[in-house]
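For reference, the structure discussed in these notes is given below.
The values are calculated or read from the model by the stated rules, or taken from the named source; none is laboratory data. Note that the coordinates shown come from a computational prediction; the quantities given were computed from them, not determined experimentally. All Cβ positions, glycine included, derive from the backbone under ideal geometry; neighbour counts span all protein chains shown. Heads up: the accessible areas ignore ligands, DNA and RNA and are worked out on the full protein's heavy atoms, side chains in. Shrake-Rupley method; radii C 1.70, N 1.55, O 1.52, S 1.80 Å.
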Amino acid sequence: MSTLEALREVVRKLEDTFNDPQKRESLYFDFYDDSLKIHGFPPNLPTNKEGFKQFIYLLWKAFPDIRIIFEDIIIEGNKVVCRYYLTGTHKGDFADLQPTGRQFKVNGFTEFSFRNAKVIERWNLVDMISLKEQLRP
């Protein structure tokens, strides 16, 4: 298996794990190295693996059925860029919004940097304006 195929497989497994409520809490963070550095997440969180965990747990609580679907995966060297969309139902507090029960679909991009098949750096960009517009009552 080539390096490109191996990284594509890791990213697909990461996607599948994130989308599986039965596996995600016990396995999702195994894809991320302890040295993880994050960018593009809420500014009030640490930019390390602990801050990333805090944000992801917040997402899972606010949107228990959240799913990420990678539509494009582009790989060069140890970097993987994914264009994706997120879907889910607003069932818990998120940002300044109380649960609305509304469903959403938003687009985003993520760039992963890998070392030894683990993510060491992650850049993220999500259409938060569209998300908040879809969730507002």
Of the conditions (1) touching a helix residue (DSSP H, G or I) at 6+ places or on another chain (Cβ under 8 Å); (2) under 17 Å from Lys118 (Cβ atoms); (3) not hydroxyl-bearing (Ser, Thr, Tyr), the single one that Phe41 does not satisfy is (2)
Quick one: count up the residues across the range 71-87 that are surrounded by fewer than 17 Cβ atoms within 10 Å (Cβ to Cβ) and under 27 Å from Ser35 (Cα atoms). 9
As an exercise: evaluate Leu14 against (1) closer than 25 Å to Glu133 by Cα; (2) under 14 Å from the mean Cα position of the chain (by Cα) and give the number of the one condition it does not meet. (1)
In the range 88-110, is there at least one residue being closer than 30 Å to Ala6 by Cα, open to solvent by 90 Å² or more (accessible area, probe 1.4 Å), touching a strand residue (DSSP E or B) at 6+ places or on another chain (Cβ under 9 Å) and touching a residue at least 60 places away in the same chain (Cβ under 8 Å)? no
